[in-house]
Amino acid sequence: MSTDFGELTPGVFPSILKETNADYLTQPFWDAARQDRLVAPKCSNCGTFRLPPSAYCFNCQQRGIDWVELPGTATIYSFTIVRHPLHPDLAPICPYVSGVVELDGTQGAGARMLVNIIDVDVENVKIGDRVEIVFEHVNDEMSTPRFRPVR
Ligand SMILES: [Zn+2]
């Protein structure tokens, strides 16, 4: 089987997806990503963040959504260091950090993202470390979000 992961960078999981396959619930996220902005859906009734987006609020069962721009900074909530490649051709990127980050601006109504954390010393990553979003512009449609230590 032939694969084409493109140019590989140690610590960076490649953007395998080239299309967002967005629908009405996710298009605003991808539109903002193309502009290097992080937005998240917030229930217009009760204020709960609904990330990933959902048709109905899990808290109050209403449909309304307000898209809120977030600062793009976050705190590492959990992480793992991936040392074994998911595919033999991905060996050059290992080890890399896959983590869950808690997004600033969503405290009390928490929104977290599962992301690749890049530009880090994988042996010294800690829960609680501060990170910021960075987008890789894959093409006109797709911009992949990742996080890196706050500079
Ligand atoms: Zn709600």
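The values are calculated or read from the model by the stated rules, or taken from the named source; none is laboratory data. Just so we're clear, the structure is a prediction, and the values are computed from it rather than from any experiment. Cβ coordinates were reconstructed from backbone atoms using ideal geometry, including for glycine residues, and neighbour counts include every protein chain displayed.
Does segment 44-54 hold any residues that are more than 19 Å from the chain's Cα centre (by Cα) and either of a type in the set (F, W, Y) or at pLDDT below 95 (or both), and which are they? Walk me through it before giving the result.
Initial filter on segment 44-54 (more than 19 Å from the chain's Cα centre (by Cα)): 44-47.
Within segment 44-54, C46, G47 qualify.
Each row is one residue, and each column tells you yes or no for (1) touching a residue at least 40 places away in the same chain (Cβ under 8 Å); (2) touching a helix residue (DSSP H, G or I) at 6+ places or on another chain (Cβ under 6 Å); (3) under 18 Å from V134 (Cβ atoms); (4) among the basic types (K, R).
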{"site": "E7", "(1), (2), (3), (4)": "no, no, yes, no"}
{"site": "T26", "(1), (2), (3), (4)": "no, no, no, no"}
{"site": "P88", "(1), (2), (3), (4)": "no, no, no, no"}
{"site": "G110", "(1), (2), (3), (4)": "yes, no, no, no"}
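For the subset of segment 13-32 comprising residues that are surrounded by 17 or more Cβ atoms within 10 Å (Cβ to Cβ) and farther than 15 Å from D140 by Cβ, which member is farthest from the ligand (Cβ to nearest atom)?
Filtering first and then ranking leaves P14.
Go through segment 33-139 and tell me which strands (runs of 3 or more DSSP E), entirely inside it, have 3 or more residues that are more than 16 Å from the ligand (Cβ to nearest atom), under 26 Å from G11 (Cβ atoms) and not basic (K, R).
Details: elements: 38-43, 65-70, 73-82, 96-103, 112-117, 130-137.
So the answer is 73-82, 96-103, 112-117, 130-137.
Which of the residues belonging to segment 1-32 are part of a helix (DSSP H, G or I) and closer than 20 Å to V100 by Cα? Break it down into steps so the answer makes sense when it comes.
First, pick out the residues of segment 1-32 that are part of a helix (DSSP H, G or I): 27-32.
Residues satisfying the conditions are F29, W30.
From the residues in segment 36-57 that are of a type outside the set (A, V, I, L, M, F, W, C) and in contact with a Cys (Cβ under 8 Å, 6 or more places away or on another chain), which one is nearest to V134 (Cα to Cα)?
R50
I want to confirm something. Restricting to segment 58-73 and keeping residues that are touching a Cys at 6+ places or on another chain (Cβ under 7 Å) and farther than 23 Å from A33 by Cα, which single residue is modelled with the lowest pLDDT?
Ranking the qualifying residues of segment 58-73, first place goes to N59.
Cβ contacts < 7 Å: first residue more than 14 Å from S98 (Cβ to Cβ) and touching a residue at least 60 places away in the same chain (Cβ under 8 Å), restricted to segment 115-134; second residue polar (S, T, N, Q) and surrounded by fewer than 19 Cβ atoms within 10 Å (Cβ to Cβ), any location; separation 6+ or different chain. Result?
Qualifying pairs under 7 Å: E132/T73.
Filter segment 108-137 down to the residues that are closer than 24 Å to W30 by Cα and over 17 Å from the mean Cα position of the chain (by Cα) and list them by number. Break it down stepwise before answering.
Let us first name the residues in segment 108-137 that are closer than 24 Å to W30 by Cα, namely 109-119, 130-137.
Hit for segment 108-137 is A109, nothing else.
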